[in-house]
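The next block holds one structure in the form of structure tokens; read it before the comments.
Taken together, the values in this text are just the output of simple stated rules run on the coordinates, not laboratory data. Fair warning: this is a prediction, and the values are worked out from it, not measured in the lab. Positions of Cβ are backbone-derived with ideal geometry, glycine not excepted, and every protein chain shown enters the neighbour counts.
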Amino acid sequence: MARTLDDARRWTALGTSLVLRAAAGLDDTAYAEAAPLPGWSRAHVASHVAANAEALSRLVHWAATGEPTPMYASPEERAAGIARGRAMPAAALTGWLRESAEALERGMDDLGERQWRTEVVTAQGRTVPATEVPWMRAREVCVHAVDLAAGVSFADLPDDFLAALCDDVVAKRSAAGGPAVALRRPAGGAGWDLPGDGEAALVTADLPALAAYLTGRDAGPPAADGTPAPALGPWL
């Protein structure tokens, strides 16, 4: 689907509300518990989302002023942001999560049409218009709201976001290589094809389950022949 800036801003607002709702009830013990991501606790997830808001705010500053301000000075700086949050008490971590999200929203609200067209550089080295920033944030908050494992699932995310997410993940996985998979929805609608070696495995599931599988959050439903869905490598 063709996503718009307004779509991405709407999904960012929704994802932010879901992240904050999921984090609201977490105390120190709950934050320390394992998240679904290998090797990460809930505190890792929350810290990453908060640090991501600050990093994207640097791109917004770049768009607003024309002054190049990279998301992160180095991979070590990115790792330090995650470590910073792990050492915080629960209330402080949740506060950082909320305040960084609010600051990013304020910055995006202040951008004008010309500033939204300013080219910025992502942490992966891609040169993109600033209009990509809300989409980058929408992915973070919507998917990581699920990763907090506090009552939010892919079924809580709107179909138009999930379809855009699948488009994005399929494009990235197609460029990276991997198993051939034909992804289909039982009720029709958009389907996706991952190119790869050999005959494509047919995997049929509803949209939330396909998104969970593509992003590596679920092993996926069995293929049509009853064998396990092909294992997918890291997404980002």
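For the chain, set up a GNM with springs between Cα atoms under 10 Å and report which of Gly85, Gly216, Gly112 has the largest fluctuation.
Maximum fluctuation in the GNM of the chain, among the listed residues, is at Gly112.
Give me the log10 of I(q) over I(0) for the stretch 1-48 at q = 0.22, 0.25, 0.26, 0.33 Å⁻¹, as the Debye formula computes it from C-alpha points; what are the numbers?
-0.79, -0.88, -0.91, -1.16
At 0.36 nm per residue, and after removing the present C-alpha to C-alpha distance, how many nm does the segment from Arg21 to Glu67 gain when stretched out fully?
The span from Arg21 to Glu67 would gain 13.1 nm if fully extended.
Quick one: give the max-minus-min coordinate of the C-alpha atoms of the chain along each principal axis, largest first, in Å.
So the extents along the principal axes, rounded to whole Å, are 52, 45, 31.
Using 7 Å Cα-to-Cβ label points, what is the Ser74/Glu199 separation (nm, one decimal)?
5.2
Suppose R0 equals 22 Å; then what is the FRET efficiency for Arg106 and Ala13 from their Cβ-Cβ distance, rounded to the nearest 0.05? It would help to have the intermediate numbers written out before the result.
Details: r = 13 Å, r/R0 = 0.58.
For Arg106 and Ala13, the calculated efficiency is 0.95.
Evaluate the distance, in nm, between pseudo-label points positioned 7 Å from the Cα of Ala176 and of Trp235 along their respective Cα→Cβ axes.
It works out to 1.0 nm between the two label points.
Viscosity 1.002 mPa s, temperature 20 °C: give me the Stokes-Einstein translational D for the stretch 175-236 in µm²/s, with Rh taken as the Kirkwood radius over C-alpha pairs.
Rounded to a whole number, D works out at 184 µm²/s.
For the chain, set up a Gaussian network in which alpha carbons nearer than 10 Å are linked by springs, and say which option among Arg117, Arg126, Arg137 fluctuates the most.
Highest fluctuation among the options: Arg126.
Given the convex hull over the Cα atoms of the stretch 100-180, what projected area results after averaging over all orientations, in nm²?
7.2
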